[in-house]
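Undergrad: Just dropping this structure here.
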Amino acid sequence: MRTPDFFAAIPCIRLRDPLADFLGACDGGVVEYTYLDAVKLAGHSCPTVASAYWLTRQALRELYGDALPERGGLRVEFAAAAADGVSGVIANVVSLLTGAAGEGGFKGLAGRYTRRALLSFSADIPLEIRYTRLDGHGQVDAAAYPARVAADPATGPLMQRCLAGLADADEMRRFGELWQERVRRLLLEHGDDPEVFTIRRRS
């Protein structure tokens, strides 16, 4: 599977999943997710998928510091409704990384390892997403503003030509390159820009 070279430069997200440990899925329950994992889940790489991945990484760093975050140990709330805009796409990526799931999630074993009902929508929160540690040791509100990282001016016209079936092979390839270049800049040049990725600790 060939992917853009910059995918390998995007830091992974390392967590400990107690359920994975209990069921013997991996040593110590330690799991790593890469940006490519999020891309495979979504089926594509775009600013929305990239923002969901990176915002979650930043929120976990704020909540856990140098300790391994606990997958399944967070409640995640979204301000938007599930069907609004790209909320569903973002939620899928966040669910992959945090283990938080909606009503269809894992119901647990003997009252432990529950993932169901840890992800919800239409919450009364000030930013896009709220991440809350179930152990009571922290809560952050977070939002991503990928529109603040502008696309190359040629991207829009090329997209229209591609969607209209007018683009040749070179134009289609060029569009893809420009699209991914914006994703690269978003994560690798603006990953620590608070104007693009906002994290506010509440407790």
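The values are calculated or read from the model by the stated rules, or taken from the named source; none is laboratory data. Please read these numbers as outputs of a predicted model, since none were measured by experiment. Neighbour counts run over all protein chains shown; Cβ positions are idealised from the backbone, glycine included. Just the protein is used for accessible areas: all its heavy atoms, side chains included, with ligands, DNA and RNA removed. Shrake-Rupley method; radii C 1.70, N 1.55, O 1.52, S 1.80 Å.
Undergrad: To check my understanding: the extent here is largest minus smallest coordinate of the Cα atoms along each principal axis. What are those three numbers for region 1-62, in Å, largest first?
TA: 35, 31, 19 Å, listed from the longest principal axis down.
Undergrad: In square angstrom, what is the accessible area per residue of the chain with a 1.4 angstrom probe?
TA: On the way: 10530 Å² over 203 residues.
In whole numbers, the chain has 52 Å² accessible per residue.
Undergrad: Using a 1.4 Å probe on the protein heavy atoms, what percent of the accessible area of region 37-152 belongs to carbon and sulfur?
TA: Working: 2430 of 5020 Å².
Here carbon and sulfur together make up 48 percent of the probe-accessible area.
Undergrad: Which residue fluctuates most in the GNM of the chain (Cα springs below 10 Å): 90, 13, 125?
TA: 125
Undergrad: A further question on this structure: Under 13 Å from the Cβ of residue 201, count the other residues' Cβ atoms, weight Lys and Arg +1, Asp and Glu -1, and hand me the total. It would help to have the intermediate numbers written out before the result.
TA: Details: positive: 61, 130, 133, 200, 202; negative: 62, 141.
Charge balance near residue 201 sits at +3.
Undergrad: Sticking with this structure for a sec: Give me the net charge for the shell around residue 190: Cβ to Cβ below 12 angstrom, other residues only, Lys and Arg +1, Asp and Glu -1.
TA: Working: positive: 148, 182, 184, 185; negative: 189, 192, 193, 195.
Once positives and negatives cancel, what remains is 0.
Undergrad: Most mobile of 73, 24, 138 per a Gaussian network model of the chain (Cα springs, under 10 Å)?
TA: 24
Undergrad: Now for a separate question. At residue 66 and residue 135, where each label point lies 7 Å from the Cα along Cα→Cβ, what is the point-to-point distance in nanometres?
TA: Result for the modelled spin labels: 1.7 nm.
Undergrad: Using the beta-carbon distance between residue 25 and residue 84 and R0 = 30 Å, what value does 1/(1 + (r/R0)^6) give for FRET efficiency, to the nearest 0.05?
TA: Working: r = 34 Å, r/R0 = 1.13.
According to the calculation, E is roughly 0.30.
Undergrad: Also, I was wondering about something else. In whole percent, what relative contact order does the chain give with Cα contacts below 8 Å and a gap of six or more residues?
TA: On the way: 326 pairs, mean separation 43.6, N = 203.
Averaging sequence separation for qualifying contacts and normalising by length gives 22 percent for the chain.
Undergrad: A follow-up question, please. Explain nothing, just the number: dipole magnitude of the chain about its Cα centre with +1 on each Lys and Arg Cβ and -1 on each Asp and Glu Cβ, in debye rounded to the nearest 20. Numbers along the way, then the final one.
TA: On the way: 24 positive and 26 negative charges, 94 e Å.
The dipole magnitude comes to about 460 debye.
Undergrad: Quick check: Cα centre of region 158-184 to Cα centre of region 23-68, how many Å?
TA: 28
Undergrad: Still on this structure, I have one more. Tell me the mean residue ellipticity at 222 nm calculated for the chain from its helices only (DSSP H runs of n ≥ 4, each -39500 (n - 2.57), averaged over every residue, nearest 500). Before the final figure, lay out the partial values.
TA: Numbers: 6 runs with 68 residues, N = 203.
-10000 deg cm²/dmol, from helical runs alone.
Undergrad: Could you tell me the relative contact order of region 88-203? Use alpha-carbon pairs under 8 Å, at least six residues apart, and round to a whole percent. Spell out each step's value before the answer.
TA: On the way: 117 pairs, mean separation 27.0, N = 116.
Relative CO of region 88-203 lands at 23 percent.
Undergrad: Among 104, 10, 56, which residue has its Cα furthest toward the positive end of the charge dipole of the chain, with +1 on Lys/Arg Cβ and -1 on Asp/Glu Cβ?
TA: Going by the Cα projections, it comes out as 104.
Undergrad: Pick from 157, 146, 47: which residue has the top mean-square fluctuation in a GNM of the chain where Cα pairs under 10 Å get a spring?
TA: 157
Undergrad: Let me ask something additional. Would you list 12, 162, 46 from the most to the least accessible area, probe 1.4 Å? Provide the component values of the computation, followed by the final result.
TA: Values: 12 55, 162 35, 46 15 Å².
The most accessible residue leads, giving 12, 162, 46.
Undergrad: Something else now. Please identify which residues in region 35-51 have an amide N closer than 13 Å to a label point set 7 Å out from the Cα of residue 162, following the Cα→Cβ vector.
TA: Taking a point 7 Å out along Cα→Cβ of residue 162, the residues of region 35-51 whose backbone N falls under 13 Å are 44-47.
Undergrad: Based on alpha-carbon positions alone, could you give the equivalent ellipsoid semi-axes of region 65-145 from the gyration tensor, as √(5λ), descending, whole Å? Don't jump to the answer; show the numbers that get you there.
TA: Numbers: eigenvalues 82, 51, 23 Å².
Semi-axis lengths for region 65-145 are 20, 16, 11 Å.
Undergrad: Let me ask something else. For region 109-162, state what percent of all Cα-Cα pairs lands in each successive 10 Å bin, counting from 0 Å until the bin that includes the largest distance.
TA: Once binned at 10 Å, the Cα pair distances of region 109-162 give 16, 30, 21, 19, 12, 3.
Undergrad: So how compact is region 1-123: Cα radius of gyration and Dmax in angstrom?
TA: Radius of gyration, then largest Cα-Cα span, for region 1-123: 14.5, 45 Å.
Undergrad: Looking at the calculated P(r) for region 61-203, what percent of the C-alpha pair distances fall above 21 Å? Don't skip to the end; give the middle numbers.
TA: Numbers: 5603 of 10153 pairs.
Here the tail beyond 21 Å accounts for 55 percent of pairs.
Undergrad: Hey, what did region 1-96 get for relative contact order, percent, Cα under 8 Å, at least 6 apart?
TA: Details: 88 pairs, mean separation 28.6, N = 96.
Value for region 1-96: 30 percent.
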